[in-house]
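Okay, so here's the structure we're looking at.
The values are calculated or read from the model by the stated rules, or taken from the named source; none is laboratory data. Computed from a prediction, not measured in an experiment: that's the story for all the values here. Because the Cβ atoms are built from the backbone with ideal geometry, glycine has one as well, and the counts that use them run over all protein chains shown. The protein model used for the area step is the full one, side chains on, heavy atoms only, and it has no ligands, DNA or RNA in it. Shrake-Rupley method; radii C 1.70, N 1.55, O 1.52, S 1.80 Å.
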Amino acid sequence: MQTVILAAGRGTRMRPLTDRRPKPMLPVADKPLVAHTADAAIDAGASSLTLVVGYEAGDVRSYFGTERGGVPVEFAVQEKQRGTADAVRAASASLDPEEPFVVLNGDALYDVPSLTTLYGGGAAVGSYRVDDPRSYGVLETDDDGFVNGVIEKPENPPSDLINAGAYVFPAEAQTWLNVAESDRGELELTDVLARTCDEYDVRGVAFDRWLDVGRPWELLEANEWKLDELETRIDGDVSEQAELNGTVVVEEGATVRSGVVIDGPVLVRRGASVGPNAYVRGHTVVGEDAKVGHAVEVKNSVLMEGATVGHLSYVGDSVLGRDVNFGAGTKVANLRHDGEPVRQMLKGELVSSGRRKYGVILGDGVKTGINASLNAGVRLPTDGTVKPGESILYDRVDDAPDTD
Ligand code: TTP
């Protein structure tokens, strides 16, 4: 079935990681987030992909080219983020008007068997069961399991199924995309869904597994999911004096030197170097050309391309942007003394990450001086610097709304 993937989002909640790249291009294990969405769609039965791009669109275009997994790929540009219905409208020129179509959010992970069920029938909406659905769009279903509609952030949720941003629309819905602006000033795909529910039987397909990747700690969760799916492969140069346990991938051109212990799942990408005498464990990606040096421990973290943690450091449950450089002895805190979930600033508010262990989110190019210490939940802005011996207790990212 022809498939539209929405990838024009700005990803403001992911700041500063999205200052220089669109959210769908954030790294999840061995490929960008949106590539996982695209590959799941292809495995589930997508016959063509139209990627709706906008912010930093060039990155997405050059990654995909014109074909993926034997399926043609096209791009549609949404100049301004006016909402998800507007994004699909931008893609309509590349859709066959006689055929039904699938719409997927390009910043979510889907499990393939559930997605295959979504693809395998008529109109449908994907959903996911949560304990407290009150802050989501919640599906209202009838006794036969068909969906009557989606209610946004209800006080008394009609079900525990939240809208997973995955839809099969009938061909006719291509003529229904000109919806009115919603209260929050967007053209919403859920309004198109509401009309589809009025005129068609819409299946509710409950996904076994699903993850919306909107906030920085969800990037860690996404990596946890996808690193678990890797299989051990050693194509790089690994010292005989290194100890590799669990699932470990060392890509071609990567080096693991003597005295290193790696407890997988860990992915060491092309050109990266680990050691000597380093400890890397638990769902970690050492990105392309990144460096983990002597007496460094890295746990459950993502080091993006070229990030360097050279000497005597600890990095836990953190994301280090491209070309981040840690001065010797820089340490990251990832646990509160009271054991409460670590909180992080998000669009001007302190919110719980829900994680007892959560470190720092550092924009591209951050540099720390020797013996810097970074408190749990702190974000540092792109190209930010930390003085030698400085202790960063509070967030330093400016979350002011965009003016464009
Ligand atoms: P959101 O997660 O609501 O938006 P976002 O990705 O920009 O993130 P943030 O709120 O942090 O700024 O978007 C849901 C999906 O729809 C996501 O895949 C991006 C996509 N999208 C578009 O392609 N165009 C749009 O106009 C909007 C609003 C979203």
Applying the selection to region 33-59, what residues are at pLDDT below 95 and part of a helix (DSSP H, G or I)?
A57, G58, D59
Restricting to region 5-14, name every residue that is open to solvent by 30 Å² or more (accessible area, probe 1.4 Å) and either charged (D, E, K, R) or under 14 Å from L220 (Cα atoms) (or both).
R10, R13
Any chance you could count how many residues in region 366-404 are assigned to a loop (DSSP other than H, G, I, E, B), small (G, A, S) and either assigned by TED's automatic domain parsing to the domain that holds Q81 or surrounded by fewer than 21 Cβ atoms within 10 Å (Cβ to Cβ) (or both)?
4
Restricting to region 151-182, name every residue that is open to solvent by 40 Å² or more (accessible area, probe 1.4 Å), within 16 Å of the ligand (Cβ to nearest atom) and in contact with a strand residue (DSSP E or B) (Cβ under 9 Å, 6 or more places away or on another chain).
E152, K153
So V138 ticks every box in (1) open to solvent by less than 30 Å² (accessible area, probe 1.4 Å); (2) within 30 Å of A57 (Cβ to Cβ) but one. Which box is left unticked?
(2)
Matching residues in region 251-267 - criterion: being free of Cβ contacts under 8 Å to residues at least 40 places away in the same chain, part of a strand (DSSP E or B) and buried (at least 20 other Cβ atoms within 10 Å of the Cβ)
V256, I262, V266
Looking across region 183-201 at residues that are more than 15 Å from the ligand (Cβ to nearest atom) and not basic (K, R), the single one that is most open to solvent (accessible area, probe 1.4 Å) is D198
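Of a type in the set (V, I, T), modelled with pLDDT of 95 or more and over 25 Å from the mean Cα position of the chain (by Cα), is that true of T141?
Working: of a type in the set (V, I, T): yes; modelled with pLDDT of 95 or more: no; over 25 Å from the mean Cα position of the chain (by Cα): yes.
Considered against the rule, which asks whether it is of a type in the set (V, I, T), modelled with pLDDT of 95 or more and over 25 Å from the mean Cα position of the chain (by Cα), T141 comes out as no.
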Members of region 83-119 that are open to solvent by 30 Å² or more (accessible area, probe 1.4 Å), assigned to a helix (DSSP H, G or I) and more than 9 Å from the ligand (Cβ to nearest atom):
R89, S92, A93, S94, V112, P113, T116, T117
Determine which single condition S127 fails, assuming it passes every other condition in (1) over 19 Å from V88 (Cα atoms); (2) among the small types (G, A, S); (3) in contact with a helix residue (DSSP H, G or I) (Cβ under 6 Å, 6 or more places away or on another chain).
(3)
Kindly provide the set of residues from region 22-56 that are open to solvent by 10 Å² or more (accessible area, probe 1.4 Å), within 13 Å of the ligand (Cβ to nearest atom) and touching a residue at least 40 places away in the same chain (Cβ under 8 Å), ordered by number.
K23, H36, G54, Y55
Within region 268-298, residues being open to solvent by less than 10 Å² (accessible area, probe 1.4 Å), outside any strand (DSSP E or B) and within 16 Å of D323 (Cβ to Cβ) number 3
Is it true that some residue in region 202-217 is of a type in the set (A, V, I, L, M), within 30 Å of L161 (Cβ to Cβ), open to solvent by less than 30 Å² (accessible area, probe 1.4 Å) and assigned to a strand (DSSP E or B)?
yes
